[in-house]
Amino acid sequence: MKILKKIIWALLILFVLIQFYPRPEKNIQTGPASNNIANRYAPRQDVQNILKVSCNDCHSNNTVYPWYSKLQPVAMFLGNHIRDGKKELNFDEFLGYAPSRQFHKFEEIKKIINEGEMPMQSYTLLHRDAKLTADEKSSIIQWVDASMDQMKAQYPPDSLVRKKKA
């Protein structure tokens, strides 16, 4: 029992000390996002709502932070997820991507949604409303298909193919 008490005290002290570790910079953009995906590939209102609830915390420049994000090590964990998510796909920077990358990202969105990989289970555990229903998935896929068709009509076919790195 004495050893358990020491372990609890050590964990408590560690928890307090880790709070002094610097938190990642907040992912909050001020002002309009001129490269936002909706400026060219405007989703219907229902799809905008789905993206806002299920995607934008990690794939935009505006994260809605829960109260527990102020605690370490949660702040580090969230910061890493947001950084990695934005690196992979950032809806607020989407129009700054080359057309081939935009087209490829649409392909990836479709694949990931169809396979149920997004939103991540670690996110939906705490954000139950972010879990996608079959209808929501269908709505996103329809928007992606329409956006890809728009790109095919706007760009030459070879500009939508990603170049293989040498």
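The values are calculated or read from the model by the stated rules, or taken from the named source; none is laboratory data. As the structure is a computational prediction, the values presented were derived from the model and not from experiment. Here Cβ is always computed from backbone atoms with ideal geometry, including for glycine, and neighbour counts include all displayed protein chains. Only protein heavy atoms, including side chains, enter the accessible area calculation; ligands, DNA and RNA are left aside. Shrake-Rupley method; radii C 1.70, N 1.55, O 1.52, S 1.80 Å.
Using a simple spin-label model with pseudo-atoms 7 Å out from Cα toward Cβ, Q150 and K87 lie 2.9 nm apart. Pick out which of K52, K105, K152 has the largest mean-square fluctuation in a Gaussian network model of the chain, springs linking Cα atoms closer than 10 Å. Comparing K52, K105, K152 in the GNM, the peak value goes to K152.
Can you give the angle from 0 to 90° between the axis of helix 74-88 and the longest principal axis of the chain, with both taken from C-alpha atoms, to the nearest 10? Its long axis makes an angle of about 20 degrees.
Cα centroids of the range 86-105 and the range 109-166: 12 Å apart. Excluding ligands, DNA and RNA, the accessible surface per residue across the range 46-124 is 51 Å² with a 1.4 Å probe.
One chain, two ends: E115 and L4. Fully extended at 0.36 nm per residue, the span grows by 35.5 nm beyond their Cα-Cα distance.
Each of the peptides 116-128, 72-84, 2-14 was scored by the mean count of other Cβ atoms within 10 Å over its residues; in descending order, highest first, they stand as 72-84, 116-128, 2-14.
Straight-line reach from K52: taking Cα to Cα under 27 Å and skipping same-chain neighbours fewer than 8 places apart, the lysines in range are K26, K70, K86, K87, K105, K110, K111, K131, K137, K152. Using 0.36 nm per residue and subtracting the Cα-Cα separation, the extra length available between E107 and A134 on full extension is 7.9 nm.
In whole percent, how big is the carbon plus sulfur part of the accessible area of the chain, probe 1.4 Å, protein atoms only? Mind dumping the intermediate values first?
Working: 6900 of 11180 Å².
Of all accessible area on the chain, carbon and sulfur atoms account for 62 percent.
Model label sites at Y68 and R23, defined 7 Å from Cα along the beta-carbon direction, differ in position by 1.5 nm.
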